[in-house]
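> This is the structure I have questions about; it appears just below.
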Amino acid sequence: MASRTKRILLLGGTTEARELGAILAERNDLSVTLSLAGRTRAPVAQPVPVRVGGFGGAEGLAAYLRTESIDVLIDATHPFAARISANAAVASESTGVPLISLRRPEWVSEDGDHWIDAGSVEEAVALLGATPRRVLAALGRQELGPLETAPQHFYLVRSVDPVEPPLDLAEVEYVLDRGPFDEAAEIALLQRHRISAILCKNSGGAASYPKIAAARALKLPVFMVRRPPSHGAAAGSVATAVQLLDHALGLANRGE
Ligand code: NAP
């Protein structure tokens, strides 16, 4: 007898989740739903059915896993999306639904890089110092508040959607853009705005790495916010996540 289609909930909002969704969409033994928080106004097209919006904490996520008879939960959210990942770990634990985490490896500094390590955006802004700098702030829209504590700097704020309301800063410009970025274009952007420092998170991945390579080429310091701690074992690539999924499904089959 053919076993029933396995139901997968894929927590996304990242390039990796979209790539994994595209691979899993080809499989007729799986039924995949991709979950987005709903932050981006015009999200890019996705290869599998999408649901949008929060679940209502770990308990809400656990209830969804039960109601929708989810067989495997895959957390492919951004490495800095700490709350949803913690909720996924708790919901997996309370329901017994296996959890696979897909985390792109973090960037590692190379010869010629000048990174200043910070534990948070607040700390990174403080580390910019008293002397005015011209800073490219490549952060999420929700993370920009601390810039207002250091108004002596000029900020070039890059985001996918407009920053509303605008920041309470005299010296600020906004640029709307979404990756993948290109090193030559990043160098041109940094030069055009006479940027002297970059403020960003250690997101990892290729799409937003060109600003790091551009900083190296121009010998600019990068104020790098380190990642929050991650939960459980993580796959570092889409291919490994597929292997872990097959493993989890194999275990699930044996338990039936
Ligand atoms: P977060 O702080 O970890 O999550 C806040 C709340 O948003 C969660 O408690 C959950 O609400 C809801 N949520 C987050 N991701 C969700 C998802 N994929 N599906 C359904 N609900 C979700 O997350 P965040 O840092 O605001 O990031 C939000 C989304 O943007 C994530 O999907 C992430 O992958 C993506 N993203 C984040 C970053 C970043 O730097 N943080 C960068 C690029 C993309 P409930 O508790 O109500 O369930």
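Just so you know, all these numbers are worked out from the coordinates, no wet-lab data involved. Keep in mind that what you see is a predicted model, and the values were worked out from it rather than measured. Here the Cβ positions follow ideal geometry from the backbone for every residue, glycine too, while neighbour counts run over all protein chains shown.
> Helix-only estimate, please: 222 nm mean residue ellipticity of the chain, summing -39500 (n - 2.57) across DSSP H runs of length 4 or more and dividing by its residues, to the nearest 500.
After summing the helix terms and dividing by residue count, I get -9500 deg cm²/dmol.
> Suppose R0 equals 51 Å; then what is the FRET efficiency for Q243 and R194 from their Cβ-Cβ distance, rounded to the nearest 0.05?
0.60
> If region 1-132 were replaced by its equivalent ellipsoid, with semi-axes equal to the square roots of 5 times the Cα gyration tensor eigenvalues, what would those be, largest first, whole Å?
The equivalent ellipsoid of region 1-132 has semi-axes of 34, 17, 14 Å.
> Please compute the net charge surrounding A241, taking Lys and Arg as +1 and Asp and Glu as -1 over other residues with Cβ under 12 Å from its Cβ.
Counting the neighbours of A241, the net charge comes to -2.
> Further question on the same structure: Evaluate the charge dipole of the chain about its Cα centre and quote only its size in Debye, nearest 20, assuming +1 on the Cβ of each Lys and Arg and -1 on the Cβ of each Asp and Glu.
Roughly 240 debye, rounded to the nearest 20.
> Tally Lys/Arg at +1 and Asp/Glu at -1 over every other residue whose Cβ is under 11 Å from the Cβ of P43; what's the total?
Net of charged neighbours comes to +3.
> Something else about it: Give the order of R83, R41, R7, R133 when sorted by the count of other beta carbons within 10 angstrom, beginning with the fewest.
Result, fewest neighbours first: R41, R83, R7, R133.
> For L30, which sequence-distant residues (separation of 5 or more, or a different chain) have an amide H within less than 5 Å of its own amide H, given hydrogens modelled in the peptide plane?
The answer is K6.
> What is the sum of charges around L102, taking Lys and Arg as +1, Asp and Glu as -1, for the other residues whose C-beta is under 9 Å from the C-beta of L102?
Working: positive: R103, R104; negative: E16, D75.
Neighbourhood net charge equals 0.
> Separate question: Under the rule a/c < 1.5 gives rounded, and otherwise a/b versus b/c splits prolate from oblate, where does region 115-158 land using the Cα gyration tensor?
Taking the square roots of the gyration eigenvalues as a ≥ b ≥ c, region 115-158 is rounded.
> Using the count of nearby Cβ atoms within 10 Å as a rough guide to exposure, how do T77, T149, T5, T14 rank from fewest to most?
Arranged by neighbour count, lowest to highest, T77, T149, T5, T14 become T149, T5, T14, T77.
> Now for a separate question. How big is Rg to Rh over the chain, alpha-carbon atoms, Rh as the Kirkwood inverse-mean-distance radius?
1.02
> Between the DSSP loop rule and a limit of at most 14 other Cβ atoms within 10 Å, which GluC sites (Glu not before Pro) in region 168-219 are left? Display every interim value, and only then the final one.
Numbers: sites: E171, E173, E183, E186; in loops: E171.
Hits after loop and neighbour filter: E171.
> How far is helix 15-25 tilted, in degrees, relative to the longest principal axis of the Cα atoms in the chain, given as a value from 0 to 90 rounded to the nearest 10?
20 degrees
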